[in-house]
1. On a straight-distance basis, which lysines could pair with LYS178 in a cross-link, Cα separation under 23 angstrom, same-chain partners fewer than 8 positions away excluded?
2. Cα-based Rg (one decimal) and Dmax (whole number) for the stretch 46-178, in Å?
3. Radius of gyration and Dmax for the stretch 56-108's Cα atoms, expressed in Å?
4. Go through 54-66, 140-152 and give me the packing order, highest mean Cβ count within 10 Å leading.
5. Check the straight Cα-Cα distances from LYS72 and name the aspartates and glutamates below 15 Å, setting aside those fewer than 8 residues away within the same chain.
6. Take every Cα-Cα pair in the stretch 121-178 and report what % of them are more than 15 Å apart.
Amino acid sequence: MQGSKLFMVVLLGLLSISGQAQRKLPTITAENPSPGRDTAHEPDQDAHQDLFRELEIKRAEGTYKQNIERAKESAQLSIELRDTYAQQKALNPAELKKLARLEKLTRQLRSAAGGGDDDEQLKDPPNNMQCALERMADLATELRTAVEKTPRQVVSVSLIIQANELLELISLARSFNK
């Protein structure tokens with residue numbers, strides 16, 4: 001009984017596959033660029049394109065707002081790290097998590113600005129943790145201001161350079177903490 005049911009299911013499957021294979025697909029030629037449609041302008045196509053453009057603009061605006069929030073958060077984190085280190089003269093595990101979050105946010109900002117990995121060394125690197133964190137806080141605040149002032153359609157080289165410098169400072173701060 002079950003064998004015959006299984007046989008019927010397999011047979012129906014094979015028949016449907018062979019039926020699909022025998023259908024003739026429309027061919028696209030230079031004379032007929034879209035088979036099954038006339039070449040006249042379709043009003044629905046304009047509406048779809050307009051809707052697509054609106055959605056793309058909204059997505060870009062949303063990404064821009066996210067970048068502004070990332071920049072604000074990175075500035076806040078760097079200030080908190082500087083102040084905590086000034087009081088405790090050490091970074092505890094909670095501050096190290098903030099440092100990792102700051103690095104992630106900075107990488108996202110750099111990527112959104114059109115930048116990539118940069119192996120350029122830091123000019124005049126700070127020689128201790130306090131100086132590194134102070135410079136980091138100042139730079140993150142400058143980065144926040146640059147992100148807020150830069151239009152969303154612009155690739156800012158100065159923003160990328162600041163993000164790279166901030167990433168170098170974060171790496172330096174990690175090395176001081178070891």
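Throughout, read-outs are computed from the coordinates displayed, never taken from laboratory work. What you see is a predicted model, and the numbers here were worked out from it, not measured in a lab. Neighbour counts are summed over all protein chains in view; Cβ atoms, including those assigned to glycine, are modelled from backbone coordinates with ideal geometry.
1. Qualifying lysines at Cα under 23 Å: LYS89, LYS97, LYS98, LYS104, LYS123.
2. 16.8, 63
3. Considering the stretch 56-108 through its Cα atoms, Rg and Dmax are 14.0, 48 Å.
4. Packing proxy ranking, top to bottom: 140-152, 54-66.
5. Cross-link targets: GLU80, GLU103, ASP138, GLU142, GLU148.
6. When all Cα pairs of the stretch 121-178 are counted, 48 percent exceed 15 Å.
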